[in-house]
Amino acid sequence: MKKTIAALALATMTLVGCQEEEAAHTNHNEGTLEEVVVEIQTPEELPVGEVTLSAKVTQGDQAVDDADSVEFEVWESGKRDEGTKVDANLTEDGVYEANYAFDHDGVYYMFAHTTARGLHVMPKQELKVGSPDMSKVILDESDNSMSEGHH
């Protein structure tokens with residue numbers, strides 16, 4: 001009987017500890033129910049070569065300068081499994097940027113994976129690079145990588 005009570009006490013302490021740790025990680029969001037909004041600022045039409053990928057992160061009317069991570073995931077149409085990820089850096093008032101090089105014409109897709117204030121947001125944008133042959137483009141109509149099992 002003493003072993004059962006000890007086991008229950010240990011389990012309870014473990015659960016309380018996990019809840020306190022989780023609460024400590026979400027204090028940024030305490031007192032507000034406003035969602036984190038990520039607005040991709042990268043133009044939809046880009047040249048072949050080096051470009052700047054950009055996204056602005058806000059919560060309410062405040063710029064989010066303390067995002068845990070902002071990462072751009074880019075892949076060519078029809079080649080979702082060959083995508084690459086590049087970490088973005090804060091440049092100004094909630095704007096996160098990263099350099100990326102496109103080596104040929106094509107239609108690409110990009111997620112702006114953003115984790116901030118206990119939330120994960122990942123808007124997607126189509127990018128038309130150079131002068132792609134649209135007859136060879138395979139449209140990617142997924143709305144997020146979680147439903148595709150790539151997260």
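Every read-out reported here was derived from the displayed coordinates using simple, explicitly stated rules and does not represent laboratory data. Values in this document were obtained by computation on a predicted structure and should not be read as measured data.
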Quiz item: In a solvent-free Debye calculation with one equal scatterer on each Cα, what is log10 I(q)/I(0) for the stretch 79-124 at q = 0.13, 0.17, 0.30 Å⁻¹, listed in the order of the q values?
Solution: -0.38, -0.63, -1.34
Quiz item: Using a ≥ b ≥ c from the Cα gyration tensor of the stretch 40-97 (square roots of the eigenvalues), is it rounded, prolate or oblate, where a/c under 1.5 gives rounded and otherwise the larger of a/b and b/c decides, a/b for prolate?
Solution: prolate
Exercise. Rounded to whole Å and sorted largest first, list the principal axis extents of the Cα atoms in the stretch 45-151.
Key: 42, 29, 21
